[in-house]
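Accompanying notes for the structure given below.
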Amino acid sequence: MASIDAILQGVSVLGPVHESQKKILTPQALGFLALLHRSFNTTRKNLLERRKVRQAELDRGVLPDFLPETKHIRENPTWKGAPPAPGLVDRRVEITGPTDRKMVVNALNSDVWTYMADFEDSSAPTWENMVNGQVNLYDAVRRQVDFKQGAKEYKLRTDKTLPTLIVRPRGWHLEEKHVTVDGEPISGSLFDFGLYFFHNAFESVKRGTGPYFYLPKMESHLEARLWNDVFNLAQDYIGMARGTIRGTVLIETILAAFEMDEIIYELRDHSSGLNCGRWDYIFSVIKKFKQNSSFVLPDRACITMTVPFMDAYVKLLIQTCHKRGVHAMGGMAAQIPIKDDPVANDKAMEGVRADKLREVRAGHDGTWVAHPALAHIAVDIFNKHMPTPNQLFVRREDVQIGQNDLLNMNVPGDITEAGIRKNLNIGLGYMEAWIRGVGCVPINYLMEDAATAEVSRSQLWQWVRHGVTTSEGKRVDKAYALKLLKEQTAELSNKAPKGNKFQLAAQYFAGQVTGEDYADFLTT
């Protein structure tokens, strides 16, 4: 094997490394990252190019469908994913959130089964956030994450088993520009996965679980194949048995919805199921078909989980997962408690209850919450309606979903000026926080992250692009969008503390809401 000095030739760390971070950015860990980069970056870039080709087809009006070349995989009933791994048999309630130290302690102290520590949509990818997140998870795996903040102490509970830790690295499209290998920035996915796996794989197995991941933003089974290749190399490199890693894939793009069987198939021995990433899924539908007027949707509040295209996606996901013996995870309850208004709080919590009841009755094996205070609602409903650790036996053989069902955009509702203003507020509120290095932010008592901001931004773009008319009879054009943007920016800026970044956020946002330029991702 090449010496570590030889491997590190061509590797540069461009961000500052503090004393506490040195245990993460060791020469051996950087050598492992370099190996991942050199082995897989070319494939990753080719797959991203393939996304562009696919987008050009969609822009020409070609609609996605189930792939003829993988029909044999979909129609073969005999293959299965891996049986649930230790600590992942029962996942009825999962809490998600960023990797700052306070969140890590609070999440692991919550009455839930797993915690998805998120380097992606709820984290702003500053160098400090990404590396400190790795430090926090390293310490959490070893139960050494207690700390003091002012007079307050944050301590891990010792009275019961802690939730299983699952890590969400960034998507394939994001880069970590602070680490370069042979002059190229490393993939954010490989950076986040590689550091966590290298330091914590054996330690987590020793403690009765394993290196478990949530895999975001994929658009095809070939992108899942790349993850599987990464997993195999990583396990071989450290001498760990193949199949120890598990990955749950978020189905949060419309293209992946047509390849669910194939995605599980590619990850077979490493698969721990699929998850309904609802906000990103809505964003993906608007984004992929942004040039197609048949896909113009009404106000964001109208796009519920029961509208035809969302209902079809949920049913197909549950049926597909259970046919293959893996978990079908439900989506996020983004509500947060409304402490100063009991009536509004009761209404919001009733919405959470109804959503979780829909999920458990549909056949989901678990669900997500963003706030510890919501955990008990989800737990009560899943305990009552799912007395077993999961419901993989709910086969949903009644379900017949075809291309038209997944693309059925008959969504009742209007486009209103209030809806436009709400989207502007969410987009501005999120971007302002992002510029300050914060990746999830409470707005109108909902925990908004990159996914929800993307829905808001993409709808605004789509409405201007297609010149829709609001229910009040106003044509939505560039001038109207910019006028409302200016008004909402002034209102938010005046209410916020001095030194806020709303004017700067509005400069970035203006280019994204006029139906002209459209960035692939707001965060890039």
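The values are calculated or read from the model by the stated rules, or taken from the named source; none is laboratory data. The structure displayed is predicted, hence computed values, not measured ones. No Cβ is skipped: glycine too gets one built from the backbone with ideal geometry, and neighbour counts run over all protein chains shown. Note: accessible area is taken over every heavy atom of the protein model, side chains too, but ligands, DNA and RNA are not part of it. Shrake-Rupley method; radii C 1.70, N 1.55, O 1.52, S 1.80 Å.
Given the criteria among the small types (G, A, S), assigned to a helix (DSSP H, G or I) and at pLDDT below 95, does A312 qualify? Against the criterion (among the small types (G, A, S), assigned to a helix (DSSP H, G or I) and at pLDDT below 95), A312 does not qualify.
Could you check the stretch 497-524 and list, in sequence order, the residues that are of a type in the set (A, V, I, L, M) and under 19 Å from T452 (Cβ atoms)?
To start, the set of residues in the stretch 497-524 that are of a type in the set (A, V, I, L, M) comprises 504-506, 510, 513, 519, 522.
Hits for the stretch 497-524 are A505, A506, V513, A519, L522.
Within the stretch 415-460, take every residue that is of a type in the set (G, A, S) and not in a helix (DSSP H, G or I) and give me the one that is farthest from P98 (Cα to Cα). Step through it out loud before you land on a result.
To start, the set of residues in the stretch 415-460 that are of a type in the set (G, A, S) comprises 418-419, 427, 429, 433, 437, 439, 450-451, 453, 456, 458.
Filter again for not in a helix (DSSP H, G or I), leaving 437, 439.
Values: G437: 12, G439: 8 Å.
Here the residue is G437.
Screening R278 on (1) modelled with pLDDT of 95 or more; (2) open to solvent by 10 Å² or more (accessible area, probe 1.4 Å) shows it passes everything except condition (1).
Of all residues in the stretch 24-44, none satisfies being open to solvent by 30 Å² or more (accessible area, probe 1.4 Å), in a loop (DSSP other than H, G, I, E, B) and in contact with a helix residue (DSSP H, G or I) (Cβ under 8 Å, 6 or more places away or on another chain).
Report yes if G402 is in contact with a helix residue (DSSP H, G or I) (Cβ under 6 Å, 6 or more places away or on another chain) and open to solvent by less than 40 Å² (accessible area, probe 1.4 Å), otherwise no. So G402 does not fit the description; no. Could you grab me the full set of residues in the stretch 465-484 that are part of a helix (DSSP H, G or I) and either over 13 Å from F509 (Cβ atoms) or in contact with a Phe, Trp or Tyr (Cβ under 7 Å, 6 or more places away or on another chain) (or both)? Selection gives R465, K478, A479, Y480, K483.
Scanning the stretch 85-114 for residues that are touching a helix residue (DSSP H, G or I) at 6+ places or on another chain (Cβ under 6 Å) and closer than 18 Å to L195 by Cβ gives T99, R101, V104.
The numbered conditions (1) in a helix (DSSP H, G or I); (2) out of contact with any His (no Cβ under 8 Å at 6 or more places or on another chain) are all true for Y265 except (2). I'd like the residue in the stretch 120-164 that is assigned to a strand (DSSP E or B) and open to solvent by less than 50 Å² (accessible area, probe 1.4 Å) and, out of all such residues, is nearest to R91 (Cα to Cα). Per the criteria, the residue is T164.
Residues being in a strand (DSSP E or B) and either free of Cβ contacts under 8 Å to residues at least 12 places away in the same chain or open to solvent by less than 10 Å² (accessible area, probe 1.4 Å) (or both): count how many of those fall in the stretch 319-346.
Taking the stretch 319-346 and keeping what is in a strand (DSSP E or B), we get 328-333, 335.
Pick out the ones that are also either free of Cβ contacts under 8 Å to residues at least 12 places away in the same chain or open to solvent by less than 10 Å² (accessible area, probe 1.4 Å) (or both) and you get 328-331, 333.
Count: 5.
Of everything in the stretch 432-484 that is β-branched (V, I, T) and modelled with pLDDT of 95 or more, the residue that is surrounded by the fewest Cβ atoms within 10 Å (Cβ to Cβ) is T469. The residue that is nearest to H221 (Cα to Cα), among those in the stretch 242-262 that are open to solvent by 10 Å² or more (accessible area, probe 1.4 Å) and in contact with a His (Cβ under 7 Å, 6 or more places away or on another chain), is R246. Might you check whether a residue that is modelled with pLDDT under 90 and over 20 Å from G419 (Cβ atoms) occurs anywhere in the stretch 503-515? Yes, that holds for at least one residue.
Return yes or no: is A234 more than 17 Å from Y265 (Cα to Cα) and open to solvent by 10 Å² or more (accessible area, probe 1.4 Å)? Taking the combined requirement at face value, the residue does not satisfy it. Report yes if some residue within the stretch 197-211 is touching a helix residue (DSSP H, G or I) at 6+ places or on another chain (Cβ under 6 Å), closer than 23 Å to F521 by Cβ and part of a loop (DSSP other than H, G, I, E, B); otherwise report no. No, the stretch 197-211 contains no residue that is touching a helix residue (DSSP H, G or I) at 6+ places or on another chain (Cβ under 6 Å), closer than 23 Å to F521 by Cβ and part of a loop (DSSP other than H, G, I, E, B). Entry remark, the stretch 78-104: residues being acidic (D, E), under 26 Å from K384 (Cβ atoms) and not in a strand (DSSP E or B) number 1 in total. In the stretch 347-367, of all residues being out of contact with any helix residue (DSSP H, G or I) (no Cβ under 7 Å at 6 or more places or on another chain) and free of Cβ contacts under 8 Å to residues at least 60 places away in the same chain, the one that is most open to solvent (accessible area, probe 1.4 Å) corresponds to K347.
Check whether at least one residue in the stretch 108-117 is assigned to a helix (DSSP H, G or I) and open to solvent by less than 50 Å² (accessible area, probe 1.4 Å), and report yes or no. Scanning the stretch 108-117, I find at least one residue that is assigned to a helix (DSSP H, G or I) and open to solvent by less than 50 Å² (accessible area, probe 1.4 Å), so the answer is yes. Number of residues in the stretch 487-502 that are surrounded by 13 or more Cβ atoms within 10 Å (Cβ to Cβ) and either part of a loop (DSSP other than H, G, I, E, B) or more than 26 Å from the chain's Cα centre (by Cα) (or both) equals 9. Reported count of residues in the stretch 45-74, each being under 25 Å from the mean Cα position of the chain (by Cα), among the aliphatic types (A, V, I, L, M) and part of a helix (DSSP H, G or I), is 5.
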